[in-house]
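The values are calculated or read from the model by the stated rules, or taken from the named source; none is laboratory data. Only a predicted model underlies this, so the values are computations on that prediction, with no experimental measurement involved. Every residue, glycine among them, receives a Cβ derived from its backbone with ideal geometry; neighbour counts consider all protein chains shown. Ligands, DNA and RNA are excluded from the accessible area calculation, which covers all protein heavy atoms including side chains. Shrake-Rupley method; radii C 1.70, N 1.55, O 1.52, S 1.80 Å.
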Amino acid sequence: MIPSRVPPSPLAGLLKLPASTRLLFHNHLHPARQYATSSSLPNSTPQASRRAVTVANDTGRIPWTQLSTREKAARTTQQSFNLLVVLAGIVMTGGVSYVLYREVFSTDSKTAVFNRVADRVKADGRCVELLGGRSGGRDIKAYGEPSWSRWARNRMIASRTETDKLGTEHLYMHFYVEGPLNSGTVNLHMTRRHGEKDFEYRFLAVDVKGHERIYLENADAGKTDKRGQGRMFGVKWW
């Protein structure tokens, strides 16, 4: 009886291969086991190291609950400082706005009074004739105190205000006018009684060197000193 032939084992051929090739087949047939680690767990939250929060580097990204006591104090200090800066900016903006309104936009501001008085001078025929130029005063310029700079457009207007014992507010102002023929000085005195809103003219005149003064307003012109009227040798006769 002829014995049956046993087929060769497939591993017999592998034994004839080089060692490096056999290692590759071994790794392919038996992959390495993967063990669960803390980084592969779904519920794990790795704690990454971070820089300590200070007043200088705090950006507000780290939640309040994750801050230490020292870091909370640093954040509180930074936010308090930022709040003070914002409040200071608001106060300064309000102050500048108030001054700008009082000096420029208010109807009784010095700039508004200057513009109104200058328009009155330009509209007066006597002033136009004396200073020169076309009717309406289109050739007459009004400006404040002389400046050292020839290119200065905004010159300071000389003015002052004072309040008397009765509460009446007095406004004094003078500025300069110039036309093709002559130049002069404008003098102004206005008053505003206590409780009233608008100023009233007391005195407004234009002085040109070598010419008679031009009065546009003179509230005291009709008033004369009557204390000595009707008296002679200290005796009142009428």
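Assorted remarks:
- Cα-projected label distance for residue 57 with residue 106, points at 7 Å along beta-carbon direction, nm: 5.2
- Solvent-accessible surface (1.4 Å probe) assigned to residue 198 amounts to roughly 90 Å².
- For residue 163, the shell of other residues with beta-carbons less than 11 Å away shows a net charge of 0, using +1 for Lys and Arg and -1 for Asp and Glu.
- Taking 0.36 nm per residue of separation and subtracting the Cα-Cα distance, full extension of the segment from residue 217 to residue 183 would add 10.3 nm.
- The local environment of residue 64, defined by Cβ-Cβ distances under 13 Å, has a net charge of +1 under the rule Lys, Arg +1 and Asp, Glu -1.
- Pairs from 110/141; 165/197; 141/165 whose Cα-Cα separation, in the structure shown, is over 27 Å: 141/165
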